[in-house]
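The structure appears right after this line, and notes come after that.
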Amino acid sequence: MTTIHNLGFPRIGARRELKFALERYWRGEADRAALAQTAAALRREHWQRQAQAGVEWLPVGDFSLYDQVLDTSVMLGCVPSRFGHAGGAVDVDTMFRMARGRAPSGEPASACEMTKWFDTNYHYIVPEFHADTRLALSSEALFDQVREAQALGHKPKPVLLGPLSWLWLGKSKEAGFDRLDLLEEVIPVYGEILNRLAAMGVEWVQIDEPILVLDLPLRWKQAFEQAYHRLQQRQLKLLLATYFGGLEDNLTLACTLPVAGIHIDAVTAPEQVDLLVSHSPAYKVLSLGVVDGRNIWRSDLGALLDWLEPLHARLGERLWLAPSCSLLHVPVDLAQESALDDEIRQWLAFAVQKLDELALLGRALDEDRDTISGPLAESSGAAERRKASPRIHNPVVQKRVSAISDIMLHRKHPYAERRRLQHARLKLPLFPTTTIGSFPQTGDIRKIRRDFKAGELGEARYISAMQTEIAHCIEQQTRIGLDVLVHGEPERNDMVEYFGEQLDGYAFTRHGWVQSYGSRCVKPPILYGDIRRPRPMTVAWARHAQSLTSQPVKGMLTGPVTMLNWSFVRDDQPRETTALQLALAIRDEVADLEAAGIAIIQIDEAALREKLPLRKAAWQHYLDWTVRAFRLCSSGVDDATQIHTHMCYSEFNDIIEAIAAMDSDVITIETSRSDMELLDAFVDFEYPNEIGPGVYDIHSPNVPKVEAMMALLEKAAHLIPAERLWVNPDCGLKTRGWPEVSAALENMVAAAQILRQRHAKAAAG
Ligand code: GLN
Ligand code: ZN
């Protein structure tokens, strides 16, 4: 029998039940018992759905009230001292305070850092380590959930984040302390957890070590051997799970670790399957992740069987099948998408459908293909129809892509010459002030958009309501004294969805939510076909905003790489080809904005860094094509038109040259939280164009002081010539309220003014 198992199921609920339960609890509208009840009900339902689909070993411990890395820290008793944990079991509010800084009970404290989980858009809470960190088993949650699953008659396979991945993902908070030194503390606690699970009758434990797909230092590789030798357990079997990439140079290491089974991602790295089979000892279970856990396309079962049948013949019982990674990264159930058109729906599979696919594959392998002839024909038919669909293929677009020439990737003149023309045209002061694009999205604005979408508000009234909002934004910015204005983006629900909705080749779901962090979810649009822009997307709003003021108003667009990285993207052509199609559509929009008299156009690449490959060897290729896509969309303008870009997340030091190669006239970057850590990059590398390192941290409700912002700017001015520095917040303001935004921007403008005076004096004296 081919064993079907799952690495993890989306926990948020098909209708985001967990999100709403959490938020009710945090607001104090529901008690702990109510939250626990919702959580238990979701687990019960999720196990049942998986069992129904034919999954034999059900993941337990993949559920979380906030984040699985945080759960691991809590289980190991790794709670930073500022949360006042006195030892013993860590209670749920302590956990929430670690994640969010506050909870219904306990003193507020600054939350732990949050960062992206590998190259996904899921964020985890970063464990904090000190030399004196002591660990002890501090939570019963996993054991309780195992009992819960057993009581429901399921076969639980507890899921643990492995000790080395947990340590790797954490941060030493003490200079000179190497977190790997904590391994001695960690291993005994994992040993205790495994003993407890064995005593409960657990047979298999999934131990996730996704860092095995990264470039690991030698010491870490050696630590794997030590750690797993010590974790060998006679009574239960360990399934070592890796995902998000290939094992590559860690393959031999992974294959020789003393565990009973290993899972690999056969979607992102199918080439490692044969190597794994030949390198693994004959006793080991090999779990192949053959169904994509990170994308929403239906599998071609026939093609998969062609691949799997010979493997099955060779491996027999040792072959297990699973999704490539946890299904956390896809929506729950396609069956809810009643509004999606039938043609596109038949191409898709969400979590539940993916498990069905695995069960079908298992049956076909154990019996033969005929036992699943119906579903097999359907699956192949859908794959054929998708390949041939005219909705996917647009010859005009394909021709344009193949005709992209080098000239299209270059501005007419280098930055130094453009600069003169732009300065003559824009007449901006030294340290020009601006914002990143969005202004507060009030309840009113959201309601107007909702009513318009629902057909309850006519188009004319919608437009006039939005124009009023834009006028309000312009008025406020003028009052505050900003130099370069924005229209405020009231018409945009989301910076990707807004554009996707206006492009051919994009589809949208109603309930396709995916957890981003905590209770926050995103609903990535589905990019299924060749991208075409039927008509201008932002010009009317930009023109209206510009008509209200004589100061420059920035046109505001989302860049091709961000569109790509925050969508579910077609898998039938390279991502870079899709990026070029998006870039062409945006290039057309840029040209239309320019023709409408917009002198500054910002193209946001908020998510460019997010999908930087996990292996360094693959970086350059990624950076090459992403920079190319950006240059393609931004280079069609005249020298006197100023191109801006904006990027979130401050870890740019290692890719600064690629950022310079984008050749944007101005870049604004998120830096304020890391105290201008970004600027380290400028010590060795002279960034050639203009730059606005964010001085106002918009992620906090606090109003930054004039002095604090000046200090940041002075710091920046040490490394970047003053005439190339801009003054701006570190991201869009849409999640903030007007009073704090006004106060903060007033301070920001004041800081810029003082700086200007100082510089004028210095120049005169
Ligand atoms: N222009 C966008 C905004 O201000 C940029 C958002 C982002 O960087 N995530 O909202
Ligand atoms: Zn941003």
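The values are calculated or read from the model by the stated rules, or taken from the named source; none is laboratory data. Keep in mind that this is a model prediction, so the values were computed, not measured. Note that we place each Cβ from the backbone using ideal geometry, even for glycine, and neighbour counts take in every protein chain shown. Surface areas here come from the heavy atoms of the whole protein model, side chains and all, with no ligands, DNA or RNA. Shrake-Rupley method; radii C 1.70, N 1.55, O 1.52, S 1.80 Å.
What the table below lists for this structure:
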{"read-out": "Where the range 594-751 is the region considered: accessible area per residue in Å², 1.4 Å probe", "value": "34 Å²"}
{"read-out": "Modelled FRET efficiency - R0 25 Å, MET200 with THR371, Cβ distances, 0.05 increments", "value": "0.10"}
{"read-out": "For LEU428, residues with placed amide H under 5 Å, excluding near neighbours", "value": "none"}
{"read-out": "Under the Karplus curve 6.51 cos²θ - 1.76 cosθ + 1.60, θ = phi - 60°, whole-Hz ³J(HN,Hα) for the range 759-764, x wherever Gly or Pro sits", "value": "5, 4, 4, 4, 5, 5"}
{"read-out": "Qualifying GluC sites (Glu not before Pro) in the range 439-506, DSSP loop, other Cβ atoms within 10 Å at most 16", "value": "GLU456, GLU501"}
{"read-out": "Residues whose placed amide H lies under 5 Å from that of ASP530, excluding near-sequence neighbours", "value": "HIS393, ASN394"}
{"read-out": "Mean separation of Cα contacts under 8 Å (6+ apart) over length of the range 295-400, as relative contact order %", "value": "37 percent"}
{"read-out": "Listed residue (TRP513, GLY293, THR242) projecting farthest to the positive dipole end of the chain, Cβ model", "value": "TRP513"}
{"read-out": "Under 29 Å from the Cα of LYS611 - lysines, other chains or at least 8 residues apart", "value": "LYS19, LYS116, LYS171, LYS173, LYS221, LYS354, LYS387, LYS399, LYS523, LYS554, LYS734"}
{"read-out": "Residues of the range 190-273: accessible area per residue with a 1.4 Å probe, Å²", "value": "36 Å²"}
{"read-out": "Part-to-part distance (alpha-carbon centres) for the range 88-158 and the range 342-388, which is given in Å", "value": "37 Å"}
{"read-out": "P(r), alpha carbons of the range 401-471 - 5 Å bins starting at zero, rounded %", "value": "3, 11, 13, 11, 9, 8, 10, 16, 15, 4, 0"}
{"read-out": "Rh by Kirkwood over Cα pairs, then Stokes-Einstein D for the range 1-69 at 1.306 mPa s and 10 °C, µm²/s", "value": "123 µm²/s"}
{"read-out": "Neighbour net charge for LEU580 - beta-carbon separation under 14 angstrom, K R +1, D E -1", "value": "+4"}
{"read-out": "Unit charges at the beta carbon, dipole of the range 1-85: most positive-side option, LEU7, GLN68, GLY54", "value": "GLN68"}
{"read-out": "Relative contact order of the chain, pairs being alpha-carbon contacts under 8 Å that are 6 or more residues apart, as %", "value": "11 percent"}
{"read-out": "Centroid-to-centroid separation of the range 192-271 and the range 399-418 [C-alpha atoms, Å]", "value": "48 Å"}
{"read-out": "Spin-label pair ASP132/ASP274, simplified geometry with 7 Å Cα→Cβ offset, distance in nm", "value": "5.7 nm"}
{"read-out": "Bins of 20 Å from zero: percent of alpha-carbon pairs in the chain", "value": "15, 47, 32, 5, 0"}
{"read-out": "Backbone HN-Hα couplings from phi across the range 420-430 [Karplus 6.51/-1.76/1.60, Hz, Gly and Pro as x]", "value": "4, 5, 5, 5, 5, 7, 8, 6, 8, x, 5"}
{"read-out": "Gap separating the Cα centres of the range 598-646 and the range 480-502, nearest whole Å", "value": "19 Å"}
{"read-out": "For the range 495-592, size of Cβ-based charge dipole, Lys and Arg +1, Asp and Glu -1, in debye", "value": "300 debye"}
{"read-out": "Under-5 Å amide H pairs with ILE207, H placed in peptide plane, nonlocal only", "value": "LEU160, LEU239, LEU240, ALA241"}
{"read-out": "About the Cα centre, charge dipole magnitude for the range 607-765 (Lys/Arg +1, Asp/Glu -1 at Cβ), debye", "value": "260 debye"}
{"read-out": "With every protein chain in place, the range 338-416: carbon and sulfur % of accessible area (1.4 Å)", "value": "58 percent"}
{"read-out": "Accessible surface of the range 160-260 [probe 1.4 Å, protein heavy atoms]: carbon and sulfur percent", "value": "47 percent"}
{"read-out": "Set of aspartates and glutamates near LYS715 by C-alpha distance (under 19 Å), chain-local residues within fewer than 8 positions excluded", "value": "GLU651, GLU670, ASP675, GLU677, ASP680, ASP684, GLU686, GLU690, ASP697, GLU707, GLU723, ASP730"}
{"read-out": "Check: the chain dipole with +1 on Lys, Arg Cβ and -1 on Asp, Glu Cβ, in debye", "value": "1180 debye"}
